[in-house]
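Reviewing the structure listed below.
The values are calculated or read from the model by the stated rules, or taken from the named source; none is laboratory data. Worth saying up front: this structure is predicted, and the values here are computed from it rather than measured. Cβ placement follows ideal geometry from the backbone for every residue including glycine, while neighbour counts extend to all protein chains displayed.
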Amino acid sequence: MSQENRRDFMKTTGAALAAGFPSLVRGAQTANAVKVGLVGCGGRGTGAASQALKADDYAELTAVADVYQDRIDQCLAQLNRVNGAKVKVEAKNQFIGLDAYQKLIESGVDVVLLATPPGFRPGHLRACIEAGKHVFCEKPVAVDAPGVRHVLETAKMAKEKNLSLVAGFCWRYSNYVAATFEQIHSGAIGDIVAYYATYYTSPVKPMPPESTRPAGMSDVEWQIKNWYNFVWLCGDSLVEQAVHSADKVAWAMNDQPPVSCVAVGGRQIPAEGGNIYDHFEVNYLYPKDVRAFLGCRQIDNCWNENSDYILGTKGSCTIGRGPLPRITGEKTWTFEGQKNDMYQHEHDVLFASIRQSKPVNDGERMAYSTLLAMMGRMAAYTGQQITWDQALNSQERIFPDKLEWSGTLAVPPMARPGVTRLL
């Protein structure tokens with residue numbers, strides 16, 4: 001099928017197709033397959049690709065991109081074991097390098113899964129939407145405010161082009177958490193007074209000693225290889241991981257922004273070479289003196305917890321301390337249905353939207369949830385009270401303007417409250 005005919009098919013066949021999950025197409029010809037491309041072949045990317053292939057009977061993985069061939073090999077080996085014949089990646093469509101994403105886009109895919117380190121996200125997302133591709137975009141969507149603003153512009157462009165853009169904020173696609181917030185928004189606990197979110201866990205990817213760096217490996221390659229330890233790549237632990245908790249706070253507040261926040265944070269366990277904090281505590285102020293608190297930590301041998309405690313004028317809600325959310329107070333409620341697989345459901349929704357020609361666009365929400373976490377980082381880094389407008393309009397560019405695989409790249413010193421300034 002020609003590319004023009006494929007595009008016409010993707011736009012016009014939705015009304016004639018079944019709407020179930022995950023098998024969306026029954027009795028269709030394989031010529032009508034949706035071609036999927038994966039950018040970033042690590043663990044999350046491999047998982048996203050597997051879920052995408054399960055979401056549609058005729059989805060095919062036809063191209064992959066990464067900076068390492070061995071990571072591509074591992075990814076394809078795992079996907080072949082799980083997804084078998086739906087993996088159709090020829091050697092010519094295995095792209096390597098910092099420009100691999102562009103080559104993948106040009107290979108003729110219909111859907112692109114973005115799962116690289118977050119610093120690359122704004123540029124990759126813009127290239128996909130400009131090329132007319134539907135996108136699954138992992139969280140967070142940027143590492144600095146200019147990146148967030150760039151994503152907001154891209155999300156608007158996606159709407160204008162009727163393209164689907166689904167975000168990797170997976171809790172939004174959890175049926176039991178969605179049911180819980182529906183209860184809250186319906187007044188089950190009255191008006192929200194305070195929200196306390198925790199994300200206490202172990203380090204995701206500890207920074208190896210400089211002595212283990214292979215001879216001749218450039219600064220850029222070394223930092224990308226250990227991407228979780230550098231702010232320009234991950235956005236720091238609050239923005240990369242605890243952003244899930246920030247997203248749930250935003251959800252509870254009907255995605256309305258806070259007025260301001262203050263925060264503390266730092267590095268308790270030394271790490272050679274990186275420049276991220278290992279703990280944060282953020283205090284957000286919302287209108288009507290409503291408060292939200294987010295605590296996160298990435299230190300071994302400590303208390304671990306990923307929970308949400310929501311206090312209202314008529315009761316309270318707890319998510320995470322126990323198998324199911326629960327509401328107590330004037331009303332008692334617990335989710336009683338069958339939990340779905342939220343990671344799978346993200347892709348079910350994406351492919352259904354494509355097949356039915358009913359675009360889904362998470363763009364604005366995913367950008368603002370990223371900024372909510374980023375705002376806390378700004379407050380912790382500077383030691384200042386930061387307003388929402390200050391965060392959104394910050395001019396600090398953390399992601400480099402130009403990158404060369406063999407290039408040098410100095411690591412900025414770790415932020416120091418009272419010394420580091422908000423730009």
Cβ pairs under 7 Å, 6+ apart or interchain, first in segment 152-163 and under 9 Å from Glu364 (Cα atoms), second among the charged types (D, E, K, R) and assigned to a helix (DSSP H, G or I), ordered by first then second residue, are Leu152/Glu364; Ala155/Glu364
Residue within segment 110-121 that is surrounded by fewer than 20 Cβ atoms within 10 Å (Cβ to Cβ) and at pLDDT 95 or above present: no
Could you say which residue among Ser353, Ser357 is touching a Ser or Thr at 6+ places or on another chain (Cβ under 6 Å), among the small types (Gly, Ala, Ser) and outside the structural domain of Gly235 (by TED's automatic domain parsing)? Ser353
Here is a list: Glu346, Glu364. Which entry is at pLDDT 95 or above, within 28 Å of Ser50 (Cα to Cα) and crowded, with 17+ Cβ neighbours inside 10 Å? Glu346
Unmet requirement for Ser174, which otherwise passes all of (1) small (Gly, Ala, Ser); (2) surrounded by 23 or more Cβ atoms within 10 Å (Cβ to Cβ); (3) in contact with a Lys or Arg (Cβ under 8 Å, 6 or more places away or on another chain): (2)
Of the conditions (1) touching a Pro at 6+ places or on another chain (Cβ under 7 Å); (2) crowded, with 21+ Cβ neighbours inside 10 Å; (3) under 17 Å from Met378 (Cβ atoms), Leu285 clears all except one; give me its number. (2)
Collect the residues in segment 158-191 that are over 18 Å from Asp348 (Cα atoms) and touching a Leu at 6+ places or on another chain (Cβ under 7 Å), keeping them in residue-number order. Ala158
Condition met for Thr180 (in contact with a strand residue (DSSP E or B) (Cβ under 9 Å, 6 or more places away or on another chain), among the hydroxyl-bearing types (Ser, Thr, Tyr) and assigned to a helix (DSSP H, G or I)): yes
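Okay, residues lined up against (1) under 23 Å from the mean Cα position of the chain (by Cα); (2) within 30 Å of Ala59 (Cα to Cα):
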{"site": "Leu285", "(1), (2)": "no, no"}
{"site": "Val290", "(1), (2)": "no, no"}
{"site": "Thr313", "(1), (2)": "no, no"}
{"site": "Arg326", "(1), (2)": "no, no"}
{"site": "Asn340", "(1), (2)": "yes, yes"}
{"site": "Ala380", "(1), (2)": "yes, no"}
May I ask you to list the residues in segment 104-132 that are closer than 19 Å to Asn162 by Cβ, in contact (Cβ under 8 Å) with a residue 60 or more places away in the chain and outside any strand (DSSP E or B)? Ile105, Val109, Asp110, Gly132
Of the listed residues (Arg326, Arg291, Arg321, Arg297), the one being among the basic types (Lys, Arg) and surrounded by 20 or more Cβ atoms within 10 Å (Cβ to Cβ) is Arg297
Since Cys41 meets every condition but one in (1) assigned to a loop (DSSP other than H, G, I, E, B); (2) surrounded by 16 or more Cβ atoms within 10 Å (Cβ to Cβ); (3) modelled with pLDDT under 95, which condition does it not meet? (3)
How many residues does segment 148-158 contain that are basic (Lys, Arg) and surrounded by 16 or more Cβ atoms within 10 Å (Cβ to Cβ)? 1
Give me the residue from segment 90-116 that is among the β-branched types (Val, Ile, Thr) and touching a Gly at 6+ places or on another chain (Cβ under 9 Å) and, out of that set, nearest to Phe169 (Cα to Cα). Thr116
Kindly check whether there is at least one residue in segment 214-227 that is surrounded by fewer than 17 Cβ atoms within 10 Å (Cβ to Cβ) and either touching a residue at least 60 places away in the same chain (Cβ under 8 Å) or closer than 26 Å to His185 by Cα (or both). yes
Tally the residues that are among the hydroxyl-bearing types (Ser, Thr, Tyr) and either within 15 Å of Gly43 (Cα to Cα) or under 24 Å from the mean Cα position of the chain (by Cα) (or both), restricting the search to segment 58-107. 3
Which listed residue, of Thr318, Thr334, Thr382, is among the polar types (S, T, N, Q) and touching a residue at least 12 places away in the same chain (Cβ under 8 Å): Thr382
Looking at segment 347-361, is at least one residue assigned to a helix (DSSP H, G or I), of a type in the set (D, E, K, R) and under 30 Å from Gly45 (Cβ atoms)? yes
